[in-house]
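Just so you know, all these numbers are worked out from the coordinates, no wet-lab data involved. Predicted model, so just to flag it, every value in this text is computed and none were measured. All Cβ positions, glycine included, derive from the backbone under ideal geometry; neighbour counts span all protein chains shown.
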Ligand code: FCB
């Protein structure tokens with residue numbers, strides 16, 4: 001495997017998944033506190049109240065990163081630590097935490113890569129409509145400006161949102177993530193306001209320091225229909241809609257300033273919140289694109305005649321793009337999440353991004369990883385399947401680079417086992433195992449191998 005000389009090797013986490021300290025130092029509640037404390041929403045009734053207590057163990061955790069040889073650390077900032085009410089009063093102790101984290105990382109020679117929003121919207125803003133309220137976009141830009149003002153003297157590379165597809169479609173469409181709504185029209189509205197918030201945050205930060213590197217992190221994947229269906233079967237439309245929702249909604253608006261026609265064709269259910277000038281705001285030039293990739297997306301035609309997934313004119317019902325299709329059986333080594341392992345999809349994705357978008361900025365893989373819970377034997381966790389996943393995906397990245405795709409770095413998800421959203425602590429993604437009772441951290445064999453990969457710039 002060959003990687004460019006300055007290729008950046010790191011690993012990623014997010015605030016609610018690791019920090020714990022839910023009420024410490026003036027932190028306000030977020031929608032994930034409310035959601036996880038609602039019975040039945042998270043496996044095992046788990047919450048992020050304590051998580052892996054990173055908030056209190058940060059110096060020790062940075063030392064582990066240093067020992068592993070990480071060159072970069074992608075983390076997210078909890079909006080409700082900085083502004084407990086989502087707007088207005090600033091909590092200095094929250095800002096101080098991220099300032100200390102930044103200093104520790106820099107002291108150890110690790111590049112800080114913050115993401116300003118990884119799904120933990122302040123609860124106070126949800127009470128005002130959350131991402132359904134256009135004002136939330138402005139509040140996000142205001143909050144971003146406060147953080148940027150404090151840390152941009154030491155941090156030059158920033159991401160606005162993490163995976164807005166999940167915020168919009170899992171949070172407001174499928175209802176499996178906070179705030180748990182199930183309405184397609186709401187999902188589209190939330191998507192637009194998230195994008196608007198991204199654009200406004202870019203504008204605010206750019207006006208302060210034009211030379212800083214601003215980007216966004218998207219979860220993207222090739223979307224396939226597996227198997228045959230007659231030309232008039234709704235599966236074809238569903239696949240087009242899935243691709244539009246997962247990939248083109250974000251890429252086309254951000255890079256080309258327009259929404260894909262597949263979505264515009266849905267009419268007011270999609271367009272009702274779009275105002276003049278919004279797309280110009282959304283498509284401000286970016287310096288980099290973060291790509292999160294886990295598996296490609298596969299569906300098979302559904303011949304049962306079920307009408308589930310059709311959107312009515314009010315957007316009521318289920319996820320758009322599910323009509324006439326069912327998820328295809330997983331392929332490759334199946335992870336504890338039930339996800340497929342499809343490394344070649346990452347190569348296909350990277351090459352198609354490069355081909356389809358003329359103004360594609362440099363790409364960074366900001367997440368990629370798998371959930372496996374291999375046993376610890378005499379203090380050793382031999383997670384062979386994670387090692388295979390890691391190396392196979394790195395191979396795909398190196399092949400894309402060889403084909404001319406400008407990929408600048410790779411952040412493995414995740415550095416630590418953590419609170420895996422609706423799955424609670426039941427899914428372990430870490431290079432580092434965490435005993436959630438004792439908070440003991442143990443490097444899995446994959447972590448040790450990753451250190452070697454970093455030292456040799458990709459060579460194993
Ligand atoms: C991504 C999220 C991340 C983590 C992984 C498994 O969608 O960004 O927080 O949950 O999936």
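Data table
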item: Fewest-first sequence of 165, 131 by Cβ atoms within 10 Å of each Cβ; result: 165, 131
item: Over the stretch 33-129, relative contact order from alpha-carbon pairs under 8 Å, at least 6 apart, %; result: 30 percent
item: Antiparallel DSSP beta bridges within the chain, as percent of all bridges there, nearest 5; result: 20 percent
item: Expected 222 nm ellipticity per residue - DSSP helices of 4 or more, -39500 (n - 2.57), all of the chain, to 500; result: -10500 deg cm²/dmol
item: Neighbour-count order for 440, 209, 41, fewest beta carbons within 10 angstrom listed first; result: 440, 209, 41
item: In nm, spacing of pseudo-spin labels at residue 271 and residue 304 (7 Å Cα→C-beta vector); result: 3.5 nm
item: Mean separation of Cα contacts under 8 Å (6+ apart) over length of the stretch 15-77, as relative contact order %; result: 42 percent
item: With eigenvalues of the C-alpha gyration tensor scaled by 5 and rooted, the chain, Å; result: 31, 27, 23
item: Contact order normalised by residue count of the chain, Cα under 8 Å, 6+ apart, percent; result: 18 percent
item: Least to most buried among 228, 437, 19, 91 (fewest other Cβ within 10 Å first); result: 437, 228, 91, 19
